[in-house]
Each structure stands twice: as C-alpha cells, then as structure tokens.
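Worksheet: the structure to be examined is printed underneath.
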Amino acid sequence: MLAVALATSAALTACGSEDTSDEPAVVIDVANMAYSPASVTIEAGQTVQWRFDDNGLPHDVAGDGPLEGLLQSELLTEGTYEYTFDDPGTYTYHCTPHASMVGTVIVE
C-alpha cells in the first residue's frame, strides 16, 4: 500500500513540475521545398528544431553571417536538427542544395 502511495505521489509531482527545458521552443518543418514557418521569433536561450520530411529529398540548415559554420546540419531526408540561440539578433539560414529555401530566426 505504501509503494502505491509513493508511486502515485511521485507521478503527481512529476506532472506538476515537468521539466520541459529539453523541448524546443519552435519546430520548423522542412517539407515541400520550404521551411515552415519561414520566420520565427524566440527568446534568447531557446532552441529551434527543424523536422525533415520531404519525401526523401535531402535538405540542410546552413547559417548565414555570424552563424555561418556554426548553424550547420548534415544533409537529411528525415529526422531532426536542433540549435540553441543564445544571443539576441536576427539570424538567416538557407538550404545548401536549394538556394530558394531560406528562413529567419528572430531572437529577442
């Protein structure tokens, strides 16, 4: 009986104080030859996740300007890539093989 009470108490505590720090602030879909949404606004210290699913077509996320070489995923046909933006500013990125695919992250 004590074990059930402790398990119930632990479950209730976990629900009330669930740690969501590992969850991305925003998810951007990479599909249909586009980043969707193409522009997002987050707070400094938050993470953006790109979710790749474009029917086997490979894409990446490549940072421009100050994030060139830092914001850089592999070419992916599926799966996710995450990046945490620590400093306020406006950051642009593109898909290396598809120059028409561009996006912006605004960090406040």
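Candidates Thr77, Thr96, Thr84: the one that is closer than 17 Å to Met33 by Cα, open to solvent by less than 80 Å² (accessible area, probe 1.4 Å) and either free of Cβ contacts under 8 Å to residues at least 60 places away in the same chain or touching a Ser or Thr at 6+ places or on another chain (Cβ under 6 Å) (or both) is Thr77. Out of Leu57, Leu71, one residue alone is under 14 Å from the mean Cα position of the chain (by Cα) and closer than 22 Å to Met33 by Cβ. It is Leu71.
Regarding the range 25-45, can at least one residue be identified that is aromatic (Phe, Trp, Tyr) and free of Cβ contacts under 8 Å to residues at least 60 places away in the same chain?
There is no residue in the range 25-45 that is aromatic (Phe, Trp, Tyr) and free of Cβ contacts under 8 Å to residues at least 60 places away in the same chain.
The values are calculated or read from the model by the stated rules, or taken from the named source; none is laboratory data. Just so you know, these numbers come straight off a predicted model, no measurement behind them. Here the Cβ is made from the backbone with ideal geometry for all residues, glycine too, and neighbour counts use every protein chain on show. Just so you know, the surface numbers come from the protein's heavy atoms only, side chains and all, with ligands and any DNA or RNA stripped out. Shrake-Rupley method; radii C 1.70, N 1.55, O 1.52, S 1.80 Å.
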